[in-house]
Amino acid sequence: MSEYQSVKKGKLLLKGEKVKSKKRKHKKQGKDEEKTEAQDVDAVQHGGWWKVKIITEITGTVAIQFGNNCYVKALDNGLFTLGAPHDEGDCPSPEEIFTAFPVNDNKIALKSGYGKYIGIDKSGVVIGRNDAVGPMEQWEPIFQDEKLAIMGNNNCFMSISEDDDVLCQSKKAGPTEYVTIRSMVQRIDNTLKEIPVEEQGSMTEVEINYVRKYQKFQDKKLRINKDDRSKLEIAKTEGTLHETLLDRRSKMKADRYCK
């Protein structure tokens, strides 16, 4: 009986079939996969939306989470409220998705799905009714002890009232002011990706660099598009900088790859 049990059992092999060898998974590879899965658990629980940890990650498509699976929601009257709780694995609703733009090294601007920038009125109520970014539409994300609070131009922090209204009236940041900003922008490993030489400097310098690189004129005279360059900053945050630059060069017929 012991001799019978010592025989290795396997799949019945018919005549003419070849034995398929199992690929041995490298121990290191298995550990790397487990590490990646562990790091992505939080994002998976929120529909793939990952938690930002530094201000430079707050750009492009974002959502503002208060508590467990509840997000700030834009209303069609220009006000904001706290949306209903989501089930685990659900994404934010369309009304709960915003677009973030960097204003400077410390502040950001947020635009709702209605195309209006989020600001504060005189009473500290968060509103979204302006078409441009002014002082009251600038927000400062403050990271401390792995927590995040968003301070408005009135030096108060964004929070939720008992009626689920979004306000900016609290002078101190506490549990009711702590938020999680989640992003759907593809994460980039900065240790693996360097900024191209052509994209170093101001947007004006970046455009000139690419015109020089792709110009088709033999006289070497630069044909620069004089339209407003503010769209280039937006395109950079949304990951469409190269397409936007090409469109600007095509209007000047200054690119050898333009049709």
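The values are calculated or read from the model by the stated rules, or taken from the named source; none is laboratory data. Computed from a predicted model, the values in this text were never measured in an experiment. For neighbour counting, all protein chains shown are included, and Cβ atoms are generated from backbone atoms with ideal geometry for every residue, glycine included.
Below, the figures for the structure above:
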| read-out | value |
| --- | --- |
| Region 58-96, subset of a type in the set (G, A, S) and within 15 Å of the chain's Cα centre (by Cα), residue surrounded by the most Cβ atoms within 10 Å (Cβ to Cβ) | A63 |
| Number of the condition not met by R249 [criteria: (1) modelled with pLDDT under 90; (2) among the charged types (D, E, K, R); (3) under 29 Å from L79 (Cα atoms)] | (3) |
| Subset tally (residues that are surrounded by fewer than 16 Cβ atoms within 10 Å (Cβ to Cβ) and over 15 Å from G119 (Cβ atoms)) for region 136-164 | 10 |
| Any hit, region 103-124, residues being farther than 26 Å from I234 by Cβ and buried (at least 17 other Cβ atoms within 10 Å of the Cβ) | no |
| Total residues in region 116-133, condition under 20 Å from the mean Cα position of the chain (by Cα), in a loop (DSSP other than H, G, I, E, B) and either outside the structural domain of L79 (by TED's automatic domain parsing) or within 19 Å of D164 (Cβ to Cβ) (or both) | 0 |
